[in-house]
Amino acid sequence: MKAIHQLTKSKSILFPVVLMLLGAVVLFRKPLIGLVSKANLEIKIEHAPVIMPAVYKVYENEDALEGKYSLFKMLVTNNSNTTARNVEISMEIPGYIDKKSIQKIPVLLPDQSVVVNCYPAFDQKIVEKTTPSKERVNIKITGSNLDDMEETFPIEIKGRNEFMYTFIPYDEIRTPGEFFDNNTLISCFVTPEDPIIKYFTQKIQEKILKGEAASVENKPEEGVRFLGGIYDATYLSHMVYSGTSGVPSQDNGISSVTQSIRLPREVVTGKTGLCIELSILYASVLMNAGLDPVIYFIPGHAYPGFRMKGQYYAIEATGIGGEGMGGRATAQQAFETGMKELGEFMKGVQMGDDRYQVLDVREAIKNGALAMELKDDQFLRQKIDELAMSFEAGGSVNPNAMVAGNTGNGMSNTGGGNTGGNGGNSSGVPSGYRTYNGAVSFAYPGSWQSVSPSTNLQQLRKLLVDPTGNAYLEVYQFPGVQSAEQAIRIVQQDVQAKGGYLQYAMAGQSGNFSLIKGQSGGGGSSIDWVAAFKPAGGGMAGIAVGTVSGAGGGFQNSIQNILNSLR
Amino acid sequence: MKHNIIRICILFISILLIGKYVDAQEPIKGTKQKLDIKMDELGNADITITMKLNASQWDMFKRNAGNNTSNLKREVEKGMPKYYLKDFKYSEDQMERTYKLEMNALAAAYVDKNGKWRAELDSKDPDIMKINETQYKLDANFSGPAGFIEQTMQIYLPSNAKNSKIEKDSFGKAVLTYESGGGWLSLLFTGAGILLILAGAALIFLENRKSPVV
C-alpha cells in the first residue's frame, strides 16, 4: 500500500518539477543558450601602411595627434543571435612585440559593434633598426563562447631614418599639401634630450656664443644671436649641404615620398645635411637651449627658425653650402635670406597654399609627437670635441648687425629681411621724417602727403600716401571696440560693402600692439598691408600701412621705420 | 577604448567651422550649433549637427565645403580617426543659411563587466543637465580663430534606458552610464519564467498537504 502511494506521489511531483525546470530555462535562457550556441564575430581591419621606428612613441599613445597613428583599427561586430562573452583581442609582431592583450570586451550583444584601436608599445631598441624589413602582425580573438579567430597582415618596418611623408592613399589626396600630411611627425626626429646634442649645444654656448641667455631674457635679439651661433657652429665645422630627393615608394597602396632623414647627432658628426636634416638639428639645439623652434616647409625646401613673443624668425641653414657649391654665406647673410624666405612663406600661407606649412615643435610635442630616446656615446662626444676645436677660430655672429632692422615677422619685418641696419633706430626719428601724434604716434616719410579718404568710414582718421601712390598709411581709432580683430572686421565690412575684399590673419603681439597681416583689394588691384592696434581711449587705435601688390620692395625701409617708431 | 561624445563635438566644430573653411570670415556674435546624439540599443550614435551661419560664413562655407560634400565627409573622417563612421547625409536650407550633417558613429557606448552601458565624456566637470531618464543636455562654449561658438548638445538614450547618471571613472572624468531595460519581450520571458517556477513550487506544496503518508 505504501509503495503504491509512493509511486503515485512521484508521478504527481514530476509535473511541477518539469514546470520549475522550464521556468528556470526561460529565466536563464541567455547563459544557457550561450553554453550550447556559439557567437560569430565579423571583423574589419584597417591598418597603417608601414611602421616608422622613429615615431614609436606616437604609436604607443592613443591620445597622440588625436589617435591618428594607430597600428590598426578593427571593427568587431557580433553578427549572431548569441551574446559573445569575455571577448579578448590580442596581438603580436614576432621579434618586436610579444603577444599582448589589447582589449577585453565583457559582453558583446547580438548586432553590437566595438571599435578596437591598437596602439602598440615598441621597445626603445627599435630605434637601433637601420634597415627595413617585412614583418607580420598577428591578431587573435578569443572568447567564452566563440571559436578562436586569427587574423594576420604583412607590414614593413622601416629603418629608423626612413620617413614617409603621407599615409593618405593616392586617390584620396586632394591638395598638394596632403602629400606631406605626416609633417608633424618630423618632430619625432627633433632630439633635444639626446646627450650628444646636449653636448653640442653646450659647446656652441661656450665656444661660439661665449654665454647666452636667450630663453631666460626672452629677448628676440638674443634668440637671433643663438640662431647665428648654430649657423656658425655648422659653418666652422665645415659642415656641407648635400642635396638629395626623396624616393617615391609604394607601401600597402600608399604612394608617398620616402626620405632617409639622418638624426641630428648623425648630421653633426657626419658634417653633412639636407635642408630638412639641418632644420631638425637647429630645432633640437634651439629646444635644448629652451627656445621655441619651428620648421618652415615650402615646396621642395625646409628651413628652421624660432618663435618668440608672437614673432617668427628664420635662417637659411643651407647657406653653409660648400666649396663645391659656389661658396658659403655668413650667418648674417643666411639670416637675411631666411627672413626674406619667411616673408614669402607668409604670403604663401595667406594665399591658402597648403604646401606652406610650419611645424611648431613644442606644439607637436605637446600633442604627442615625442622624440625618440637615444643613448650616450663616448665616440660621438669625442667627435664633438674635435669639432669644437674649430669653433675657437671665431664665428661670424654679430648679434647687433643681425638684429638691426630685423625684429621678426609679424610687425617690424614685412618680408624684406635685413636692409642694412638703418632701420634699427627705434627711439629717434629718422632724418627726413615727420611725426604724427594722436592716440598713437609714429614717424613717417616727409614726402608722404595727407589726402582725403574715398570712404566715409568714421574710424579712419587720417590717410597718408606716398608721392607715387604705391604706399599708404591709415590711422584708425575705434571707440568702444574691445579687440584688434573686432576693429579689422569693421574695416572689412566697409570694404565688402563697397564691393571689395579684405583678408587678414592675426600675426601675434608686439608690446601692447596686436598685429594683423592681410590683403585687400577690388577692381583688379590689391594692397598688401600690416596693421597694428592697441587699446586706447576706451577703444582701439592703430595704423595700417601697406603697398600696392607688385610695387616691389622699395618701400620696405619706410614701412619698417614707421612700424619701429609706432608708440 | 575611449568613446568620447564631447570630443566628437569639438572635432566637428574644428572641422566644419574653424578649419580652413572660414579663416578670414569670422563672426562677431557667437555662432550657434545644435548637436543631437541619439544612442541606439547597441551603443551606436546617430549624430546630427545643425549650424546656422551668418552671411559671410555661409559664403565661405559654400565656396569651400558646401559644394563638395564628399570632402566634408572625408574631413570629418580624417578628424576622427578612432571612429567608424557611416551613413553620412548632408542637407541644407539655403534661404536660412543652415546646414545639417548626419552620420552614425558605431560603438559610441559600450557594455562594461557589470552589464552597464558607458559613454565617456572626457571632461572632469561638464556642464551637463539631466532632463529625464533618457535625455541629457549639455551646453558648451568654445572660442577659436573663427570666433565664439555656442553649442547646445542633446543626448538621447534608448527608450528602455534606466538608472542613467553621470559617474566618474578612475581618473575623475565624467562618464554617462545607464542600464538597458531589455524591452517588453525580455520582461515577458522573465515574468513567464518566474511564474512557471512559482507554479511548480505551489503544486509540490499542495501535493504534500493532501497526500499524507500512511
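Only the coordinates and a few stated rules stand behind these numbers; no lab work does. Since we're looking at a predicted model, the values are computed, not measured. Every residue, glycine as well, gets a Cβ built from its backbone with ideal geometry; the counts of neighbours run over all protein chains shown.
Values as computed for the structure displayed
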item	result
For residues of A:13-26, the mean tally of beta carbons on other chains within 10 Å	6
Value at 222 nm in deg cm²/dmol, rounded to 500, when DSSP H runs of n ≥ 4 in chain A each add -39,500 (n - 2.57)	-8500 deg cm²/dmol
Relative contact order (%) - criterion: Cα under 8 Å, at least six apart; region: chain A	11
For B:115-122, mean number of other protein chain Cβ atoms within 10 Å	0
As computed over the range A:45-202, the Cα convex hull volume per residue (Å³)	141
Burial order of peptide ranges B:115-125, A:262-272 (average beta-carbon count within 10 Å, highest first)	A:262-272, B:115-125
Ranked by how many other beta carbons lie within 10 Å on average, peptides A:48-55, B:44-51, A:166-173, A:311-318 from highest	A:311-318, A:48-55, B:44-51, A:166-173
HN-Hα J in Hz across the range A:304-311 - Karplus 6.51, -1.76, 1.60, θ = phi - 60°, x for Gly and Pro	x, x, 8, 10, 8, 6, x, 9
Peptides A:492-505, A:349-362 ordered by average Cβ neighbours within 10 Å, highest first	A:349-362, A:492-505
Sequence-distant residues sharing a close amide H with B:Ala107 (under 5 Å, placed H)	A:Ser113, B:Asn44, B:Ala45
Hz values of 3J(HN,Hα) by residue in the range A:462-478 - Karplus curve (6.51, -1.76, 1.60), Gly and Pro given as x	7, 10, 10, 10, 6, x, 7, x, 9, 10, 10, 9, 10, 10, 10, 9, 10
Cβ neighbours within 10 Å from other chains - mean over B:105-112	5
HN-Hα J in Hz across the range A:107-114 - Karplus 6.51, -1.76, 1.60, θ = phi - 60°, x for Gly and Pro	9, 10, 5, x, 6, 6, 10, 9
Under 24 Å from A:Lys219, Cα to Cα: lysines that are on another chain or at least 8 residues apart	A:Lys198, A:Lys203, A:Lys207, A:Lys210, A:Lys309, A:Lys340, A:Lys366, A:Lys517, A:Lys534
Partners for A:Lys158 among lysines (Cα-Cα distance below 23 Å; same-chain residues under 8 apart left out)	A:Lys57, A:Lys68, A:Lys73, A:Lys99, A:Lys100, A:Lys125, A:Lys129, A:Lys134, A:Lys375
Those aspartates and glutamates that a straight Cα-Cα span of less than 13 Å connects to A:Lys347, excepting residues fewer than 8 apart in one chain	A:Asp528
Value in Å of the Kirkwood radius, where the range A:465-567 supplies the Cα pairs that are averaged	14.0
Under-5 Å amide H pairs with B:Asp122, H placed in peptide plane, nonlocal only	B:Ala174
Tilt relative to chain A, helix A:2-27 - C-alpha long axis, 0 to 90 degrees, to 10	10
